[in-house]
Amino acid sequence: MGSDNIESILIENRQFAPNQDFVNRARINADQLAALHQQANDDYTGFWAQQAREALDWHKPFTKILNESKAPHYSWFDDGELNVSYNCIDRHLAKSANKNAIIFEGEQGDTSYITYQELHSRVSTFANALKAKGITSGDRVVIYMPMTPEAVIAMQACARIGAIHSVVFGGFSAESLRDRINDAGAKMLITADGGHRGGKIVELKSAADKALDTSGGCPTIENVIVYQRTAHNIAMQSGRDIWWHDAIKEQSNDCEPTWVNAEHPLFLLYTSGSTGKPKGIQHSSAGYLLGAALTNSWVFDLNDNDIFWCTADVGWITGHTYVAYGPLAVGATIVIYEGAPTVPDAGRFWKMVERHKITVFYTAPTAIRALMKQGDEFPNAYDLSSIRLLGTVGEPINPEAWMWYHTVIGKERCPIVDTWWQTETGCNMITPIPGAMFTKPGSCTKALPGIMADVVDEDGNSITEANKGGYLVITKPFPSMLRTIWGDDERYVDTYYPKFDGRFYLAGDSARKDEDGYFWIMGRIDDVLNVSGHRLGTMEVESALVAHELVAEAAVVGKPHEIKGESIFAYVVLKGERPAGGVDDELTKTLRDWVGEQIGAIAKPDEIRYADNLPKTRSGKIMRRLLRTIAKGEEITSDTSTLENEAILDQLQGKI
Ligand code: PRX
């Protein structure tokens with residue numbers, strides 16, 4: 001690419017075609033993609049049935065495809081039976097027993113390799129250990145682990161015996177862990193003594209103890225299995241806690257998979273909403289796995305000799321679909337890294353690419369921006385020629401970061417797949433097929449075959465005018481979609497089908513389509529923050545703030561942030577007097593730490609401004625739009641006369 005193209009960085013409609021080498025070996029070329037779309041459009045359920053038969057191994061073949069009788073609670077393939085762990089491991093043994101399933105690197109540089117045969121043995125042994133502790137099909141098991149192969153082994157072992165896992169991100173606090181365990185009614189917790197991150201030990205077991213032993217604890221938990229990772233001193237409660245290495249002692253490495261119905265819940269994963277407590281997103285076995293397998297093949301183009309590194313933690317959906325399940329379902333090799341991207345320096349990712357000869361690399365825009373800021377000398381110091389495909393997820397990627405990824409990491413050779421999807425959709429939905437489509441920096445391009453995405457107006461009519469924004473919807477049910485919110489069917493319907501007579505799945509994002517029909521995600525339509533590619537409900541942060549004894553009221557908004565996408569800006573009304581000028585660094589530190597303890601470090605407000613009141617309408621509704629404008633430091637130009645307390649604006653802006 002010449003300098004002309006680089007200079008045109010700010011023009012949004014630049015197009016990048018995949019290079020010919022990539023196209024030649026891609027799993028799907030443009031003609032094949034057109035054929036897939038055609039098939040899906042001509043015979044929607046027939047298309048999905050064929051995919052499900054080809055991509056998955058069934059213990060009992062299904063005869064039914066889509067069941068809409070309880071819409072919007074849809075089910076797929078619901079008289080079929082299979083096992084997810086069998087599909088991810090056993091079925092590859094004949095051909096790939098000695099192939100690496102997992103390459104693991106710890107933060108301190110320790111490395112290990114796990115073949116498919118060994119993974120089979122370790123998953124089976126641990127599955128037998130779970131059974132020995134009384135875990136059976138349908139029981140909930142919470143996993144609160146560092147990013148080590150044992151996290152994946154624990155997930156696969158649950159899947160093997162039909163237990164429903166719920167992974168809680170290791171960065172979440174004891175309180176968040178307790179809420180999730182209790183909402184799921186989990187019988188067992190699997191954790192570790194700690195993990196290594198950022199040169200420190202993450203104290204997982206002590207957080208787990210706090211969750212289980214304080215504020216009412218977790219009455220449903222019977223046992224805690226503790227994986228020894230750091231070997232530092234921790235407390236073990238006799239009768240309840242058992243070391244992983246003791247639990248697997250004398251267990252056989254042979255465990256017949258428990259065949260489950262296609263609709264059997266595979267896992268719950270909690271995610272934030274704009275109101276109320278986090279939602280336990282419930283995924284199915286077959287539909288979910290189908291989406292995971294297909295997208296690892298179509299979008300990440302995984303072939304026999306690919307080494308795939310998706311940097312997401314298993315605590316997020318990306319770490320489920322593109323680490324723990326999808327790549328294994330297609331028999332690929334994955335890389336797992338335990339630690340932080342900047343240990344010992346900002347070259348860690350690139351050093352790992354060189355060392356493990358990573359061919360497909362998938363990360364979040366926030367990481368790309370953070371590493372871009374550190375300078376090109378870090379990536380330039382390593383051989384990145386093994387990479388052939390790059391991916392991003394979690395938020396819209398700004399064209400500047402896209403171009404850096406493209407030129408400095410991809411050396412202008414590698415297509416970039418900007419993948420739009422959600423915890424609820426289970427797998428990529430709107431994304432390029434890398435060997436078959438051109439890309440545009442900042443656009444997630446088009447929906448996959450069989451995914452009917454659209455942008456509609458308030459009445460649910462498709463917006464045909466190019467570049468006009470509207471609601472992003474999926475107009476037909478699809479196999480990998482969430483089945484419900486755990487224990488709350490009503491909230492599921494209210495959240496995802498509140499409009500358009502329940503005809504469309506409402507993603508909660510606004511979007512536009514350009515002249516080429518390419519989607520551009522414009523942001524959330526609700527009060528959900530996107531911090532470093534992770535969703536956080538404003539309401540959760542507000543509840544944490546008001547739970548502090550000094551705080552009377554709080555309102556939280558997102559503010560654009562160079563690296564994190566959005567930073568958290570909180571307005572706080574104290575029970576006592578307002579600090580002079582609306583700023584109090586010491587109190588802010590206290591409240592930040594408090595929120596960190598209540599939810600996790602990711603939710604700490606970046607800035608707090610203190611006021612005597614919040615801007616409210618006469619009906620008492622907080623005007624967040626104004627708070628967002630103030631947070632950005634912009635002038636308020638909109639009409640504020642409907643405010644109950646217009647005078648408060650000067651205070652909120654820090655003018656007095
Ligand atoms: O707003 C969209 C944004 O992240 C939301 C989903 O968040 P979560 O369930 O935490 O899953 C993140 C990983 C899949 C979406 O509603 N989002 C995700 N990917 C993109 C995106 N926004 C723009 N472009 C993307 N590629």
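Ranking ILE463, PRO434, TYR497 by Cα position along the charge dipole of segment 431-518, where only Lys, Arg, Asp and Glu carry charges on their C-beta atoms, puts PRO434 farthest toward the positive end. Calculation over all alpha carbon pairs of segment 99-148 in 5 angstrom steps from 0 returns a P(r) of 5, 16, 17, 22, 20, 13, 6, 1 percent.
For segment 129-191, report the translational diffusion coefficient in µm²/s to the nearest whole number, using Stokes-Einstein at 25 °C, 0.890 mPa s, and a Kirkwood Rh over Cα pairs.
Values: Rh = 11.6 Å.
It comes out at roughly 211 µm²/s.
With +1 on each Lys and Arg Cβ and -1 on each Asp and Glu Cβ, and nothing else charged, work out how big the dipole of segment 432-578 is about its Cα centre, in Debye to the nearest 20. All intermediate terms of the calculation are to be shown ahead of the outcome.
Details: 16 positive and 23 negative charges, 99 e Å.
Taking the Cα centre of segment 432-578 as origin, the dipole is about 480 debye.
With the cut-off at 34 Å, report for the chain the share of all Cα pairs above it, as a whole percent.
Working: 94536 of 214840 pairs.
Roughly 44 percent, rounded to a whole number.
Dividing the Cα radius of gyration of segment 8-71 by 2.2 N^0.38 Å, with N the residue count, gives 1.70.
Its Kirkwood hydrodynamic radius, worked out from the mean inverse distance over all distinct Cα pairs, puts segment 32-163 at 17.4 Å.
Remark: segment 410-532 is approximated by an ellipsoid whose semi-axes, taken from the C-alpha gyration tensor as √(5λ), come to 25, 17, 13 Å, largest first. Overall, the anisotropy analysis places segment 467-571 in the oblate class: the square-rooted eigenvalues a ≥ b ≥ c of its C-alpha gyration tensor yield a/c not less than 1.5, with a/b not exceeding b/c.
Taking 0.36 nm per residue of separation and subtracting the current Cα-Cα distance, fully stretching the chain between ALA97 and ALA71 would add 5.1 nm.
Specify, per residue and in Å³, the volume enclosed by the convex hull of the alpha carbon atoms belonging to segment 87-202.
Each residue corresponds to 98 Å³ of Cα convex hull volume.
Close amide H partners of GLY508, meaning residues 5 or more places away or on another chain with modelled amide H under 5 Å apart, are LEU472.
Computed over Cα pairs, the Kirkwood radius of segment 517-656 leads via Stokes-Einstein (0.692 mPa s, 37 °C) to a diffusion coefficient of 211 µm² per second. Can you bin segment 216-356 into rounded, prolate or oblate? Criterion: square roots of the alpha carbon gyration tensor eigenvalues sorted a ≥ b ≥ c, rounded for a/c under 1.5, prolate for a/b above b/c, oblate for the rest. Judged from the Cα gyration tensor, segment 216-356 comes out rounded (a/c under 1.5). Ranking of HIS232, HIS120, HIS561 by neighbouring Cβ atoms within 10 Å, starting from the fewest: HIS232, HIS561, HIS120.
Where Rh denotes the Kirkwood radius from the mean inverse Cα pair distance, what is Rg over Rh for segment 26-108? Radius of gyration relative to Kirkwood radius: 1.10.
Which value in deg cm²/dmol, rounded to the nearest 500, describes the helix-derived mean residue ellipticity at 222 nm for the chain, given -39,500 (n - 2.57) per DSSP H run of n ≥ 4 and division by the residue count?
-8000 deg cm²/dmol
Between beta-carbons, use under 15 Å as the cut-off and find the net charge around THR271, counting Lys and Arg +1, Asp and Glu -1. Don't skip to the end; give the middle numbers.
Numbers: positive: ARG180, LYS277, LYS279, ARG483, ARG491, ARG524, ARG535; negative: ASP179, ASP183, ASP313, GLU395, GLU424, ASP488, ASP509, ASP526, ASP527, GLU540.
Net of charged neighbours comes to -3.
Across all C-alpha atoms in segment 412-456, the radius of gyration and Dmax reach 11.0, 36 Å. With coordinates expressed along the principal axes, the C-alpha atoms belonging to segment 321-477 extend over 53, 34, 28 Å, beginning with the largest. Here is the P(r) of segment 334-421: all C-alpha pair distances, binned every 5 Å from 0, give 3, 14, 27, 30, 20, 5, 0 in whole percents.
All C-alpha to C-alpha distances of segment 230-299, sorted into 10 Å bins beginning at zero, yield P(r) values of 14, 22, 30, 29, 6 percent in whole numbers. Beyond 25 Å, the tail of the calculated P(r) for segment 155-257 holds 20 percent of the Cα pairs.
Residues whose amide H comes within less than 5 Å of that of ARG197, counting only those at least five positions distant or on another chain, are VAL202 (H built at 1.01 Å from N in the peptide plane). Say the dipole of the chain comes from +1 at the beta carbon of Lys and Arg and -1 at that of Asp and Glu; which of GLY523, ALA262, LEU587 then lies farthest toward its positive end? Result: ALA262, furthest along the dipole toward the positive end.
Here is the link list: LYS357/LYS411; LYS200/LYS351; LYS575/LYS604; LYS616/LYS655; LYS277/LYS446. Which ones come out longer than 25 Å on Cα distance?
Working: LYS357/LYS411 16 Å; LYS200/LYS351 21 Å; LYS575/LYS604 21 Å; LYS616/LYS655 19 Å; LYS277/LYS446 33 Å.
Cα-Cα > 25 Å for LYS277/LYS446; rest within.
Put simply, segment 514-555 fits an ellipsoid with semi-axes of 34, 9, 5 Å; these come from the alpha carbon gyration tensor as the roots of five times its eigenvalues, largest first. Rg ratio for segment 290-399: its Cα radius of gyration over 2.2 N^0.38 Å, N being its residue count, equals 1.03.
Can you order the peptides 366-375, 512-521, 107-116, 418-427 by their average number of other Cβ atoms within 10 Å per residue, highest first? Mind showing how you got there, number by number?
On the way: 366-375: 19.1, 512-521: 17.5, 107-116: 15.2, 418-427: 25.1.
The packing order, highest mean first, is 418-427, 366-375, 512-521, 107-116.
Taking all Cα pairs closer than 8 Å and separated by 6 or more residues, the relative contact order of segment 19-146 comes to 13 percent.
For segment 245-251, the Karplus equation 6.51 cos²θ - 1.76 cosθ + 1.60, evaluated at θ = phi - 60°, returns couplings of 5, 7, 5, 8, 4, 6, 8 Hz by residue, with Gly and Pro reported as x. Quick check on segment 247-287: take the gyration tensor over C-alpha atoms, sort the square-rooted eigenvalues as a ≥ b ≥ c, and tell me if it's rounded (a/c under 1.5), prolate or oblate. Taking the square roots of the gyration eigenvalues as a ≥ b ≥ c, segment 247-287 is oblate. For segment 379-472, the Stokes-Einstein estimate of translational diffusion at 4 °C and a viscosity of 1.567 mPa s comes to 87 µm²/s, using the Kirkwood hydrodynamic radius over alpha-carbon pairs.
Quick check: net charge around ALA547, other residues with Cβ under 15 Å of its Cβ, Lys/Arg +1 and Asp/Glu -1?
Details: positive: ARG178, LYS277, LYS575, ARG592, LYS604; negative: GLU175, ASP179, GLU540, GLU542, GLU549, GLU553, ASP593, GLU597.
Once all neighbours under 15 Å are counted, the net charge is -3.
Put a plus charge on the Cβ of each Lys and Arg, a minus charge on the Cβ of each Asp and Glu, and nothing anywhere else: the dipole of the chain about its Cα centre is then about 780 debye.
3J(HN,Hα) along segment 322-332, derived from phi through the Karplus expression 6.51 cos²θ - 1.76 cosθ + 1.60 where θ = phi - 60°, amounts to 10, 10, 6, 10, x, x, 6, 4, 9, x, 8 Hz, with x in place of Gly and Pro.
The numbers here are math on the coordinates, done by the rules we state, and not lab data. Computed from a predicted model, the values in this text were never measured in an experiment. Cβ atoms come from the backbone with ideal geometry, glycine included; neighbour counts cover every protein chain shown.
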